[in-house]
């Protein structure tokens with residue numbers, strides 16, 4: 001991946017990196033990814049591994065394993081490359097690939113992006129994409145649980 005991205009950048013392509021769990025795909029994910037893609041020529045998605053999701057979200061997550069998530073996300077034409085990472089944050093990938101833009105969803109501001117100092121250290125930019133936060137996977141899981149519970153209580 002490092003070699004591919006270095007070559008794309010050498011050819012003048014603007015590389016955008018996004019990251020996340022993408023456990024259950026919802027409209028917020030699509031908006032985030034599509035807008036991030038419009039910021040550059042190449043979109044790289046750094047996907048949290050199953051292990052890193054468990055560290056971040058706790059037992060019971062992810063809902064879909066990383067192979068399934070990679071297969072789903074690979075079907076989106078606006079994603080050019082996917083890499084899976086084990087750590088709780090994407091710092092190592094940012095330093096290895098040095099994308100021109102690191103895009104985060106609208107649950108962040110430019111000031112609250114955890115990797116902002118890493119991105120600044122190599123001269124990259126932060127972009128917040130996807131519009132107002134409308135959904136989260138955690139909310140979806142709760143909604144599904146509530147609906148199942150209420151249906152079973154009828």
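What follows draws every value from the coordinates through simple rules; no lab data is involved. For clarity, every value in this text was computed on a predicted model and none was experimentally measured. We place every Cβ from the backbone using ideal geometry, glycine too, and count neighbours over all the protein chains shown.
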The helix 27-38 Cα axis meets the longest alpha-carbon principal axis of the chain at an angle in degrees, between 0 and 90 and rounded to 10, of 10 degrees
With a point put 7 Å past each Cα toward its Cβ, work out how far residue 143 is from residue 122 in nm, to one decimal. 3.6 nm
Return the distance in nm (one decimal) between the two label points of a simple spin-label model at residue 86 and residue 71, each offset 7 Å from Cα along Cα→Cβ. 2.4 nm
If you find the alpha carbon centre of segment 66-83 and of segment 20-60, how far apart are they in angstrom? 10 Å
Segment residue 78-residue 26, length gained on full extension (0.36 nm per residue, minus Cα span): 17.2 nm
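Out of every Cα-Cα pair in segment 16-80, what percent are more than 19 Å apart?
Every Cα pair in segment 16-80 considered, those over 19 Å come to 29 percent.
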